[in-house]
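Take a look at the structure below.
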Amino acid sequence: MVEILPHLDAALNITAGTLLFAGWRFVRHKRIPQHRACMVAAFACSVVFLVCYLTRYALAGNHVYEGPGRELYLVLLGTHVLLAACVPFLALRTIYLAIRGPVSQHRRWARVTFPIWMYVSVTGVCVYWILYH
């Protein structure tokens, strides 16, 4: 069971990134209901990812990369982990402002949250690829 979790995590990251991009495109074209649906789905994928990731980590521990380009991998991993720790707070604040706050504040937060969340989704897949392929 544990051996399937990294692949599931990668699939969830790809799905979240795709939904984020689609949501961004929808809002650029003023299709707000579709934007909202994509962003809620992206957040749900990220929550399921986090549960799966923490489960895998608790059961199997760290997966250490010792291959070529290890220094570059560690830079990628470091930026990924640092920004990934910020995403839940940024995403929750951005979602809260979408529901309760002025749209102008939601937009301001989304301009910061979106690129960070996308970076985390993309680099998560890169880290997975380096470790497992």
Taking region 59-98 and keeping only residues that are under 17 Å from Ser121 (Cβ atoms) and surrounded by 14 or more Cβ atoms within 10 Å (Cβ to Cβ), one is left with Leu76, Leu77, His80, Leu83, Ala84, Cys86, Val87, Pro88, Leu90, Ala91, Thr94, Ile95
Taking region 51-67 and keeping only residues that are closer than 15 Å to Leu8 by Cβ and outside any helix (DSSP H, G or I), one is left with His63
Next on the checklist: Could you go through region 32-39 and let me know if any residue there is among the basic types (Lys, Arg) and in contact (Cβ under 8 Å) with a residue 40 or more places away in the chain.
Outcome noted: yes
Residue count, region 76-109, condition over 25 Å from Ala11 (Cβ atoms) and assigned to a helix (DSSP H, G or I), comes to 12
How many residues of region 44-68 are without any contact (Cβ under 8 Å) to a residue 24 or more places away in the chain and not charged (D, E, K, R)? The answer is 10
With the first residue restricted to region 88-115 and required to be without any contact (Cβ under 8 Å) to a residue 40 or more places away in the chain, and the second required to be assigned to a helix (DSSP H, G or I) and charged (D, E, K, R), Cβ contacts under 6 Å at 6 or more apart or on different chains are Trp109/Arg93
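Every number in this text was worked out from the coordinates using simple rules, so none of it is lab data. The model shown is predicted, which means the values in this text are computed figures rather than measured ones. Reconstructed Cβ throughout: ideal geometry from the backbone, glycine too, with neighbour counts over all protein chains shown.
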